[in-house]
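The values are calculated or read from the model by the stated rules, or taken from the named source; none is laboratory data. Here the structure is a predicted model, which means the values were calculated and not measured. Reconstructed Cβ throughout: ideal geometry from the backbone, glycine too, with neighbour counts over all protein chains shown. These area figures cover heavy atoms from the full protein model, side chains too; ligands, DNA and RNA do not enter into them. Shrake-Rupley method; radii C 1.70, N 1.55, O 1.52, S 1.80 Å.
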2 protein chains.
Amino acid sequence: MKKCLAVDALVFDVYGTLVDTGSISAECERVFPGRGTDICEAWRAKQLQYTWLLNSMGEYLNFREVTRRALIFSFRSLGLGCDKDGERSLLDAYLHLAPFMDVKQALQDLSDSGRRLLVLSNGTPGMLDGVLANSGLLPHFEAIMSVDEVGVFKPDPKVYRLAADRLELPLDRIGFVSANSWDIAGASNFGFAAAWLNRTGSVADEVGGSARIEVDGLSGLAASVRNSGS
Amino acid sequence: MKKCLAVDALVFDVYGTLVDTGSISAECERVFPGRGTDICEAWRAKQLQYTWLLNSMGEYLNFREVTRRALIFSFRSLGLGCDKDGERSLLDAYLHLAPFMDVKQALQDLSDSGRRLLVLSNGTPGMLDGVLANSGLLPHFEAIMSVDEVGVFKPDPKVYRLAADRLELPLDRIGFVSANSWDIAGASNFGFAAAWLNRTGSVADEVGGSARIEVDGLSGLAASVRNSGS
């Protein structure tokens, strides 16, 4: 039985889904030789933790500021110092993340099949426009939507509502694509047809909703949408 | 200058603050020899992550169920299987956590100084009554308060409001004690006089409020309250 995802639109997460946050570790390694991976992992984990803590506290800081504070925490916890120039070069690396190899072709295939394509991300509008323009992905999308508009981070349902309101389609005709299991849990819980892009063979989370389908790459996703025949 | 904390009541977190969650790793090691530390660390991190994700999604599961699901995720992500008996023995370990060495004397000193003492925790009422009775700490507290009453986890302000409503004191006359930096961030943001019990020399988080004082043990906290002279 072929896996299929019968949807009229696809909403994409960005970091880790379309563009590779792992490519930041090269910049971390340049600034702190030998510690690149440590910094990169601590930074990403703390960045996400801060979004969920702010959500829980009912507070908001934009994602660039969250990312900056997570970086400062990571430096301090690893016993490293960093000047403003180093900090800025690492934050700017977020504007120059490389797309995963399978992204451009899959977006083209999905667009050719008549599906509407959107982006919905924790990133600020400036971060998103920057990274999507620099990676050449911007022209594929009809809209770039940021949580900044609602002042709360994923997986708050107000975030997923943003895309639903724009698309004006039944929720189960909207595919939501993310490499992050917790984002899939939130999007599925909201009602989207969630497609988990599990590039690394990870284990699904045990809270929230479940993925409608799981694929190991975006070409697999494009095939699943074609297979739906609708 | 002596550090001091001028408060009329103290609200305590439990896990990691009064009782040592590290003592679970012994039970993990018994069930899975050689993997105890891995399981214990993955379990605790995922347990907390699930509380924040549920908060963000606007969903609630009680803390025993969150803890159980985090354990199942940890087994799966580490490629381990566990039968129901093993699962139950690990969950029951939460009822038999050992108090840190300095806890009993400090609670007695604080109680003798006339301060009102409460507990406010993510744990279910059953988990809290169990662990505090088994560790002999229960008689020190005038109330054991669980987030279960409001159906949301720390650091949501509704949780801290529970203790404030019971105490009917100005917020800055209520000390909040936790070993978890993110809990201090939330309690301080709410308005409590937060005392960070930083047993491990950790680095403070960069979101939310800041600790009024930082101590490396509960005897230091008791001294700080005495020093306040009020």
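Numerical summary
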read-out	value
Segment B:52-80 - residue that is touching a Phe, Trp or Tyr at 6+ places or on another chain (Cβ under 7 Å) and either surrounded by fewer than 22 Cβ atoms within 10 Å (Cβ to Cβ) or more than 23 Å from residue B:95 (Cβ to Cβ) (or both) and, of those, farthest from the other protein chains (Cβ to nearest Cβ)	B:80
Residues of segment A:204-215 that turn out to be open to solvent by 30 Å² or more (accessible area, probe 1.4 Å) and either within 13 Å of another protein chain (Cβ to nearest Cβ) or closer than 16 Å to residue B:69 by Cβ (or both), as a count	4
Residue tally, condition open to solvent by less than 10 Å² (accessible area, probe 1.4 Å) and either part of a helix (DSSP H, G or I) or more than 14 Å from chain B (Cβ to nearest Cβ) (or both), over segment A:177-194	7
Residues being assigned to a loop (DSSP other than H, G, I, E, B) and over 14 Å from residue A:107 (Cβ atoms) - total across segment A:195-230	19
Residue tally, condition assigned to a helix (DSSP H, G or I) and either within 12 Å of the chain's Cα centre (by Cα) or hydroxyl-bearing (Ser, Thr, Tyr) (or both), over segment B:100-126	1
Checklist (1) more than 21 Å from residue A:58 (Cα to Cα); (2) in contact (Cβ under 8 Å) with a residue 24 or more places away in the chain applied to residue B:205, failing item	(1)
Selection status of residue A:86, over 18 Å from the mean Cα position of the chain (by Cα) and open to solvent by less than 30 Å² (accessible area, probe 1.4 Å)	yes
Looking only at segment B:131-144, and only at residues there that are modelled with pLDDT of 95 or more and open to solvent by less than 20 Å² (accessible area, probe 1.4 Å), the one that is farthest from residue B:55 (Cα to Cα)	B:137
Matching residues, segment B:17-43, being over 15 Å from residue B:89 (Cα atoms) and surrounded by fewer than 20 Cβ atoms within 10 Å (Cβ to Cβ)	B:20, B:22, B:34, B:35, B:37, B:38, B:41, B:42
Subset of segment B:81-99 (residues that are outside any helix (DSSP H, G or I) and either more than 14 Å from chain A (Cβ to nearest Cβ) or free of Cβ contacts under 8 Å to residues at least 12 places away in the same chain (or both))	B:81, B:83, B:96, B:97, B:98, B:99
Count of segment B:1-45 residues which are free of Cβ contacts under 8 Å to residues at least 60 places away in the same chain and aromatic (Phe, Trp, Tyr)	2
Residues within segment B:144-170 that are more than 15 Å from the chain's Cα centre (by Cα) and more than 14 Å from chain A (Cβ to nearest Cβ), tallied	9
